[in-house]
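Supplied in structure tokens, the structure appears directly below.
The values are calculated or read from the model by the stated rules, or taken from the named source; none is laboratory data. In this text the structure is predicted, and so the values were computed from the model without any measurement. Cβ placement follows ideal geometry from the backbone for every residue including glycine, while neighbour counts extend to all protein chains displayed. Only protein heavy atoms, including side chains, enter the accessible area calculation; ligands, DNA and RNA are left aside. Shrake-Rupley method; radii C 1.70, N 1.55, O 1.52, S 1.80 Å.
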Amino acid sequence: ELAYQQFYDFLPGPLSHLGVQTNFTYIESEATPPPPSVDSNADGVPDDPQTIYRFGVKNLLGQSKYIFNLVAIYQDSKWEGRLAYNWRSENLTTYHDYITGDPVFLSDVGFLDGSINYNVNRNWQVSLNASNLLDTKNKATAQIDNKGTRVDRFSFLNDRRFVFDVRYQY
């Protein structure tokens with residue numbers, strides 16, 4: 001993992017309140033499927049692991065190989081703002097799809113979120129938080145053979161969300 005964080009307080013005036021946080025993670029992982037113990041048809045004989053864990057897929061469930069985050073920051077005594085982009089490479093979401101029995105992978109995906117806070121005084125703060133500013137769609141593919149051929153399986157859209165917040169602290 002590589003990470004970098006800095007406020008640029010050497011810049012003049014309001015620019016001295018700018019900062020950045022970023023990191024990149026590389027993970028090489030593999031999982032060994034558990035031994036055959038599922039008896040889906042209740043015949044007293046465990047299912048063949050090739051039926052449950054098809055095509056030799058050994059990915060660690062839910063683990064992306066590459067993860068990247070970049071956050072731009074502004075912070076002074078009155079204002080705080082963040083704009084964050086989070087991206088991850090594809091990852092295995094299930095070894096055995098409930099319809100086809102095929103392994104399903106979520107595709108590469110990145111989200112842009114932002115927030116801005118204003119401290120009115122010692123007690124009051126107003127803020128606006130926004131999620132999925134790019135209106136990103138999640139897509140998944142299913143592996144259908146030993147050659148690694150993939151077909152579209154599903155997609156869904158995480159709606160943009162905005163939250164306006166007023167806080168009083170005493």
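Run through all the Cα pairs of segment 122-166 and give the fraction in each 5 Å bin from 0, expressed as whole percent.
5, 17, 14, 13, 11, 10, 8, 7, 6, 4, 3, 2, 1
Can I ask one more? Which whole-number value in Å² is the accessible area per residue of the chain, probe 1.4 Å?
66 Å²
Also: Picking from VAL126, SER89, THR136, whose Cα lies most toward the positive end of the charge dipole for segment 86-138 (charges on Cβ: Lys, Arg +1; Asp, Glu -1)?
VAL126
May I ask for the Kirkwood hydrodynamic radius of segment 44-110, worked out over all distinct Cα pairs and given in angstroms to one decimal?
On the way: mean 1/r = 0.0671 Å⁻¹.
Mean inverse Cα-Cα distance, inverted, gives 14.9 Å.
Let me ask you something else. In whole angstrom, and with the biggest value first, how far do the Cα coordinates of segment 95-170 range along each principal axis?
Dimensions of segment 95-170 along the principal axes of its Cα atoms: 63, 22, 15 Å.
For segment 79-133, with equal point scatterers placed on the C-alpha atoms only and solvent neglected, what are the log10 I(q)/I(0) values from the Debye formula at q = 0.25 1/Å, to two decimals?
These q points yield log10 I(q)/I(0) values of -0.92.
Across segment 118-123, in residue order, what do the Karplus-derived ³J(HN,Hα) couplings come to in whole Hz, using 6.51 cos²θ - 1.76 cosθ + 1.60 with θ = phi - 60° and x for Gly and Pro?
Per residue, the Karplus-derived 3J(HN,Hα) values read 10, 8, 5, 7, 4, 9 Hz.
Right, another one. If you average 1/r across every pair of different Cα atoms in the chain and take the reciprocal, what Kirkwood value do you get, in Å? Please list the in-between numbers first.
On the way: mean 1/r = 0.0509 Å⁻¹.
After inverting the mean inverse Cα-Cα distance, the result is 19.6 Å.
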